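Below you'll find the structure, written out as structure tokens, and then a few comments.
Derivation of every value follows stated rules applied to the coordinates shown; laboratory data play no part. All figures in this text were calculated on a predicted structure; none of them were measured in a lab. Here the Cβ is made from the backbone with ideal geometry for all residues, glycine too, and neighbour counts use every protein chain on show.
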Amino acid sequence: MTEPLLHVLDDPVDAVARLLADQAGAGGAIVLTGGTSIGPAYEHAAVYEPNWRRVSLWWGDERCVPPSDDRSNYRLARLTLLDRLAGNPEVHRIRGELPAAEAADSYELDLGDRPLDLLLLGLGDDGHIASLFPGSAQLRERATRVTYGDAALPPFVERVTLTLPTLLAARRIVLLAVGEGKSDALARALAQPVDEATPASLLRGSEAPLEVFSDREAAKLLAN
Ligand code: 6PG
């Protein structure tokens with residue numbers, strides 16, 4: 001159990017963009033997240049570091065939709081990051097166009113036992129991370145690096161997701177939480193007992209210290 005490092009900043013998105021750009025310049029395996037908060041961080045990172053040739057790019061989770069679908073986490077990264085780079089990474093997409101079980105198996109084979117250098121995560125309003133939802137069977141999966149299942153929050157499409165042990169083993173774990181809507185989940189994640197009802201709280205069992213980047217609104221329920 002390691003103490004999380006909380007950074008409450010005026011612009012946490014830009015701070016994440018800069019650490020993402022630094023990692024891209026250094027190279028290695030980078031795991032992207034989806035959601036609505038992270039897009040501007042990808043856009044800034046593409047400006048700070050346009051050469052991602054030394055990167056192998058992965059996703060922490062994906063919605064089971066085609067890569068052209070506006071719910072696709074791959075499409076989000078393509079529009080905000082990949083299409084803006086001068087040097088392209090090696091892209092390891094979760095094949096959301098396949099049936100969930102097939103997409104998960106394919107991603108598991110692709111990932112193998114590769115170590116993950118930087119894992120980016122968003123925080124669901126319910127405290128989920130990647131597509132590991134509160135109290136779900138997927139959250140309890142320990143035998144595989146990848147699993148799949150239904151979503152407990154919109155979009156209600158099946159999801160493929162890295163499993164908790166895989167998240168916890170990442171060499172660096174960065175969680176972005178922006179806005180008042182995250183304040184309850186962030187307080188439960190960082191200041192309440194570790195509980196499967198708040199998957200983000202389980203990140204406190206990670207090997208590397210959890211690094212949280214938030215704004216004042218998201219951190220408002222946490223003591224200074
Ligand atoms: C997804 C994401 C998910 C997201 C959180 C936060 O596929 O939706 O991977 O884990 O990061 O739900 O999303 P917002 O940034 O939109 O609040």
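Summing +1 for each Lys or Arg and -1 for each Asp or Glu among the other residues whose beta-carbon sits under 12 angstrom from that of residue 72 gives +2.
Over the chain, DSSP H runs of length four or greater, each weighted -39,500 (n - 2.57), average out per residue to a 222 nm ellipticity of -8000 deg cm²/dmol. Of 47, 212, 65, which is the most mobile in a GNM of the chain whose springs link Cα atoms less than 10 angstrom apart? In this elastic network of the chain, the residue with the biggest mean-square fluctuation among 47, 212, 65 is 47. Simple rule: put +1 on each Lys or Arg Cβ and -1 on each Asp or Glu Cβ in the chain, find the dipole, and look at 212, 116, 173; the Cα lying farthest toward the positive end is 116. When you restrict to C-alpha pairs under 8 Å that are six or more residues apart and normalise by the size of segment 1-53, the relative contact order lands at 48 percent.
Residues of segment 122-141 with amide nitrogen under 15 Å from the 7 Å Cα-to-Cβ point of residue 217? Correct set: 123, 125. Local charge for residue 127 was computed over the other residues whose Cβ lies under 12 Å away, with Lys and Arg +1 and Asp and Glu -1, and equals -3. How much net charge surrounds residue 33 when only the other residues with a Cβ under 13 Å from the Cβ of residue 33 are counted, with Lys and Arg +1 and Asp and Glu -1? Result for the neighbourhood of residue 33: 0. About the centre of its Cα atoms, the chain shows a dipole size close to 320 debye [charges on the beta carbon of Lys, Arg (+1) and Asp, Glu (-1) only; nearest 20 debye]. Computed with the Debye formula from one identical point scatterer per Cα of segment 155-215, without solvent, the log10 of I(q)/I(0) at q = 0.12, 0.18 Å⁻¹ comes to -0.32, -0.71. A crude spin-label estimate for the pair residue 192 and residue 10, with each label 7 Å from Cα along the Cβ direction, gives 3.3 nm.
Magnitude of the charge dipole for segment 58-157, about its Cα centre and with charges confined to Cβ atoms of Lys, Arg (+1) and Asp, Glu (-1), is about 140 debye. Here the contact order of the chain, divided by its residue count and restricted to Cα pairs under 8 Å and six or more residues apart, works out to 25 percent. The ranking of 106, 37 by Cβ neighbour count inside 10 Å, starting from the fewest, reads 106, 37.
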